[in-house]
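So the structure is just underneath, and the comments pick up after that.
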Amino acid sequence: MAEPAVPGTGLPDPGSADPVGRHATPLRVALVASPLGGPPSQVHPIGAMTVASYLQTQLGEQVEASVLNFGSSPASRARARACLAELAPAVVGFPIYSSHVHEVVGWARELRRLLPGAVFVAGGPHVTLSWPGFVQRWGSVFDFSVSGDGETPMLAIVRGVLAGDLTAAREHPGVGWLSGGGVRTNPAAPPLPVQDWTDPFRCPVLHDGQPLVFTDRREGRVRRAVALVSSRSCPQKCSFCAIIAMPGGWRAAPTATLVEWLAAEHRRSGFEHVYFMDANFFVSADRVRELIGALADRLPGVTWSTSSTVGFLLAMGEDLPWLVERGLRAIEMGIESGSPEQLRFLNKRVSVQRNRQAVELVQRNRLELGLDYIMFYPDQTVPQLMENLAFLADARLLDEEYFDHYTNALELYPGTPVRAEFERRAGRPFDPDELPDPGSLFADPQIQRIYQAFVGDFVANHLPAIRSRINELRRFAAGPDTGPLDRQLARLQIFLLRHVPFKVLRQLCEDSSATTAAQALPWLAERSFAADAVLALADSTPLRLDPLPEPVA
C-alpha cells in the first residue's frame with residue numbers, strides 16, 4: 001500500500017505505520033557545494049568532505065559518498081546536473097552558509113525535479129545559526145535539516161534510508177523536519193569527539209575547477225596544495241563572529257592522526273603545501289610545536305599556511321623563526337580595525353598597539369599576510385574611519401596585493417551579539433536568511449556618502465581596471481626581455497596603483513562634498529594608464545618614493 005507523503009517532499013509522513021522502501025547497496029550519497037558568482041572554490045568544501053568521509057568510514061561498502069564542487073555558471077551547473085543524473089544519489093546534502101541561503105534553496109528546488117525520489121538534507125553553519133526557524137521556512141524543500149556537527153545526524157539519516165525506516169533518524173539529536181503536524185526538531189547534535197573525526201581526503205570530490213595551489217614568494221615557485229581543518233571552533237568571543245553561536249568549544253584532532261591523514265594524501269597527490277583552514281590555529285602553542293615538528297619530520301619540504309588572532313600569534317612570537325624553518329609561509333590574521341572604540345565594540349580584547357606588533361612580527365619574518373580587516377561599521381564616524389586608514393599606513397600595509405581590506409563592511413551573522421544589537425536599534429528582526437545590506441545600516445550620513453562613493457562607484461567602476469593593469473605590469477616586469485630600467489618603471493607604477501584605493505578613501509573622508517570617486521581623485525576621470533599619468537600620482541602618494549637610480553653608463 002502506498003504511504004501518505006509529507007506535502008512537498010518525497011518522504012512518508014512520520015506518523016505513517018509503514019516504513020519507506022529498503023534501498024539496495026551501495027547507496028549513493030552526494031553532498032553538493034554551492035559556490036556563487038563564478039568558478040568553484042579552489043579550496044574544496046572541507047566540511048562536506050568530512051561528513052562524506054565519516055559516512056564512508058562508518059558504513060563501508062554499504063555507501064558510496066562523494067562531494068560535488070561545481071561553479072555557478074550555466075556550463076558548470078549543466079555539468080553538475082549531468083553528474084548527479086549519472087550518480088542518481090538516494091541522499092543529497094547541501095551545506096548552507098548565511099551569505100547564500102536563497103541560492104542554495106533555488107538550486108535544491110531545481111535538483112528536486114532531477115532527483116524526485118532522493119532524500120534532501122540541509123546542513124552547514126546557517127542551519128545551526130537559524131535553528132529551528134530554518135525548518136519552518138524551508139522544510140518543504142529539504143526533507144531533513146541538520147543542526148550542529150553534521151556527522152552523526154547525517155549517519156542516522158543514511159542508515160534510515162538504507163533500512164527503509166527513518167524513525168530513529170527523526171529522534172536523533174540535531175535532526176529537524178517538517179511534518180503534517182508542523183515543525184519537529186531535536187536539540188543540536190553534540191560535538192563529535194575528536195577521536196571519531198575522519199580523514200576528509202578519502203572522499204572523492206567531483207569538480208570542474210582548477211587545482212589548488214600556493215604561490216611561494218619566498219622561493220619564487222607555485223606549489224601544489226591541499227586544505228585541511230585541524231581544529232574546530234575558537235576560544236575567542238568576538239561579538240561579530242558566528243562561531244560563538246555554534247555549539248561546542250575549541251577542540252583539535254590528535255597530531256598523529258593529522259600527520260597520518262596528510263602522509264596518506266601526500267602518497268596519492270604529491271602536494272607541496274598545506275592550507276590549515278582552522279579558525280584559530282595557534283590556540284595551543286604546545287600543539288602547534290608538536291604538529292609542525294612531526295609534519296616536518298614526516299614530510300620534509302612541505303610548506304604550510306594558516307590563520308590566527310593577534311594574541312595567540314604574539315604568544316608564539318619567539319617560535320616564529322623555528323616555524324618558518326619548518327615551512328610556515330603565510331598567516332591570515334584577524335586585525336579587524338584600527339579604531340580602539342571599534343575594537344572594543346567587536347570584543348576583540350586587543351589594542352591597536354598589539355595589532356601593530358603582530359603585523360610587524362609577520363613582516364619581520366618575511367611571511368605573507370592575509371589581512372582580515374573590517375573597514376566599514378554601521379555606527380562608524382568619519383574620525384573612526386580615518387583611524388582605520390591611519391593604521392594601514394602606520395603598519396606599512398598600503399602595498400598589499402589584494403584590496404579586500406578596503407571594501408569589507410561588518411556582516412551581521414545570525415546568532416551574533418552585534419546582529420542582536422542592531423536589530424534592537426532597528427526595532428525589528430532582520431530577514432533570518434539574509435545578511436543586511438551594509439549600506440542601509442550606516443547611522444552617519446557622511447559614512448553613507450563615503451561608502452556609496454567608494455564601494456558603489458570606485459570599487460564597481462574603477463578597481464577592476466586597476467587590478468587588470470597591475471597584472472599586466474607584473475607580467476611585463478617578469479618578462480625575460482624586459483630591461484632593468486623598464487622593470488623598475490613597471491614596479492613603480494604597480495606601487496602607485498596599489499595606493500589608489502587608499503588615496504580615494506582618504507580624500508572622501510577629507511572632502512565632505514565629494515560624492516564620486518573622480519571627485520576624490522581627478523585622475524580617475526580619464527583613468528589613463530600611460531606611464532606619465534600613473535607617475536603623476538606620486539605627487540600625493542602617502543608614502544615617500546625613492547628616486548629611480550641613474551642609468552648606468
Practice task
Determine, yes or no, whether Phe312 is open to solvent by 10 Å² or more (accessible area, probe 1.4 Å), in contact (Cβ under 8 Å) with a residue 24 or more places away in the chain and either in contact with a Pro (Cβ under 6 Å, 6 or more places away or on another chain) or over 22 Å from Asn365 (Cα atoms) (or both).
Solution key: no
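Just to be sure I understand, how many residues within the stretch 215-232 are in contact (Cβ under 8 Å) with a residue 24 or more places away in the chain, more than 23 Å from Ser284 (Cα to Cα) and surrounded by fewer than 22 Cβ atoms within 10 Å (Cβ to Cβ)?
Step one: of the stretch 215-232, the residues in contact (Cβ under 8 Å) with a residue 24 or more places away in the chain are 216-218, 223-232.
When the remaining residues are screened for being more than 23 Å from Ser284 (Cα to Cα), the result is 216-218, 223-225.
Restricting the remaining residues to those that are surrounded by fewer than 22 Cβ atoms within 10 Å (Cβ to Cβ) gives 216-218, 223-224.
Of the residues in the stretch 215-232, 5 are in contact (Cβ under 8 Å) with a residue 24 or more places away in the chain, more than 23 Å from Ser284 (Cα to Cα) and surrounded by fewer than 22 Cβ atoms within 10 Å (Cβ to Cβ).
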Problem - Boolean, Glu550 is modelled with pLDDT of 95 or more, of a type in the set (Asp, Glu) and surrounded by fewer than 19 Cβ atoms within 10 Å (Cβ to Cβ) - result: no
Exercise for the section: Taking Arg424 as the residue in question, decide whether it is among the charged types (D, E, K, R) and closer than 21 Å to Leu397 by Cβ. Expected result: no
Practice task
State whether the residues of the stretch 521-533 include one that is modelled with pLDDT under 95 and of a type in the set (Lys, Arg).
Solution key: no
Fill in the blank from the handout: Checked the stretch 513-534 for anything without any contact (Cβ under 8 Å) to a residue 60 or more places away in the chain and of a type in the set (Ser, Thr, Tyr); matches are Ser513, Ser528
Exercise for the section: Being open to solvent by 20 Å² or more (accessible area, probe 1.4 Å), part of a helix (DSSP H, G or I) and either without any contact (Cβ under 8 Å) to a residue 60 or more places away in the chain or farther than 30 Å from Phe422 by Cβ (or both) narrows it down to one of Leu508, Leu492, Leu537, Leu497, so name that one. Expected result: Leu492
Practice task
Considering only residues that are surrounded by fewer than 19 Cβ atoms within 10 Å (Cβ to Cβ) and among the aliphatic types (A, V, I, L, M), look in the stretch 264-279 and name the one that is nearest to Gly47 (Cα to Cα).
Solution key: Met277
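To keep it simple, each residue is scored yes or no on (1) within 19 Å of Cys241 (Cβ to Cβ); (2) in contact with a Leu (Cβ under 9 Å, 6 or more places away or on another chain); (3) not basic (Lys, Arg).
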| site | (1), (2), (3) |
| --- | --- |
| Val302 | no, yes, yes |
| Thr306 | yes, yes, yes |
| Ile335 | yes, yes, yes |
| Arg344 | yes, no, no |
| Val352 | no, yes, yes |
Practice task
Check whether at least one residue in the stretch 247-259 is surrounded by fewer than 17 Cβ atoms within 10 Å (Cβ to Cβ), within 23 Å of Asn69 (Cα to Cα) and touching a Ser or Thr at 6+ places or on another chain (Cβ under 8 Å), and report yes or no.
Solution key: no
Completion exercise
Result of the Cβ filter at 6 Å on the stretch 155-184, keeping first residues that are in contact (Cβ under 8 Å) with a residue 40 or more places away in the chain and farther than 21 Å from Ala65 by Cα and partners that are open to solvent by 20 Å² or more (accessible area, probe 1.4 Å) and part of a helix (DSSP H, G or I), at least 6 apart or interchain, is Val183/Gln136
Exercise for the section: Would you mind telling me which numbered condition in (1) under 21 Å from Thr50 (Cα atoms); (2) outside any helix (DSSP H, G or I); (3) in contact with a helix residue (DSSP H, G or I) (Cβ under 7 Å, 6 or more places away or on another chain); (4) not aromatic (Phe, Trp, Tyr) Leu258 fails? Expected result: (2)
Fill in the blank from the handout: Just one listed residue, out of Ser305, Ser233, is of a type in the set (Gly, Ala, Ser), under 23 Å from Val51 (Cα atoms) and at pLDDT 95 or above, and it is Ser233
Handout entry: Which listed residue, of Leu463, Leu412, is at pLDDT 95 or above, open to solvent by less than 20 Å² (accessible area, probe 1.4 Å) and in a loop (DSSP other than H, G, I, E, B)
Key = Leu412
Completion exercise
Checked the stretch 202-253 for anything more than 27 Å from Cys83 (Cα to Cα), among the hydrophobic types (A, V, I, L, M, F, W, C) and assigned to a strand (DSSP E or B); matches are Phe214, Val222, Ala252
Exercise for the section: Enumerate the pairs (first residue in the stretch 20-37 and outside any loop (DSSP other than H, G, I, E, B) and at pLDDT 65 or above; second residue anywhere and of a type in the set (S, T, N, Q) and open to solvent by 80 Å² or more (accessible area, probe 1.4 Å)) with beta-carbon separation below 7 Å, excluding pairs fewer than 6 apart on the same chain, so at least 6 apart or on different chains. Expected result: Leu27/Gln62
Exercise for the section: Of the conditions (1) over 23 Å from Asn69 (Cα atoms); (2) in a loop (DSSP other than H, G, I, E, B), Glu290 clears all except one; give me its number. Expected result: (2)
Practice task
Filter the stretch 466-489 down to the residues that are farther than 23 Å from Leu385 by Cβ and among the hydrophobic types (A, V, I, L, M, F, W, C), then identify the one that is surrounded by the most Cβ atoms within 10 Å (Cβ to Cβ).
Solution key: Leu473
Problem - helices (runs of 4 or more DSSP H) enclosed by the stretch 294-353 - at least 1 residues per element that are touching a Ser or Thr at 6+ places or on another chain (Cβ under 6 Å) - result: 340-345
Problem - Only one of Asp399, Asp372, Asp433 that is assigned to a strand (DSSP E or B) and either open to solvent by less than 40 Å² (accessible area, probe 1.4 Å) or out of contact with any His (no Cβ under 6 Å at 6 or more places or on another chain) (or both) - result: Asp372
Practice task
Could you please give the count of residues in the stretch 436-458 that are buried (at least 17 other Cβ atoms within 10 Å of the Cβ), in a loop (DSSP other than H, G, I, E, B) and touching a Pro at 6+ places or on another chain (Cβ under 8 Å)?
Solution key: 2
Practice task
Select, from Glu387, Glu360, the only residue that is assigned to a helix (DSSP H, G or I) and over 30 Å from Val274 (Cβ atoms).
Solution key: Glu387
Handout entry: Candidate set from the stretch 181-197 (those that are touching a Pro at 6+ places or on another chain (Cβ under 7 Å) and farther than 21 Å from Ser53 by Cβ); member that is most open to solvent (accessible area, probe 1.4 Å)
Key = Pro187
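The values are calculated or read from the model by the stated rules, or taken from the named source; none is laboratory data. Treat the numbers as computed from the prediction; the structure is a model and nothing was measured. Virtual Cβ from ideal backbone geometry, glycine too; neighbours counted across all protein chains shown. What goes into the accessible areas is simple: the full protein's heavy atoms, side chains included, and nothing from ligands, DNA or RNA. Shrake-Rupley method; radii C 1.70, N 1.55, O 1.52, S 1.80 Å.
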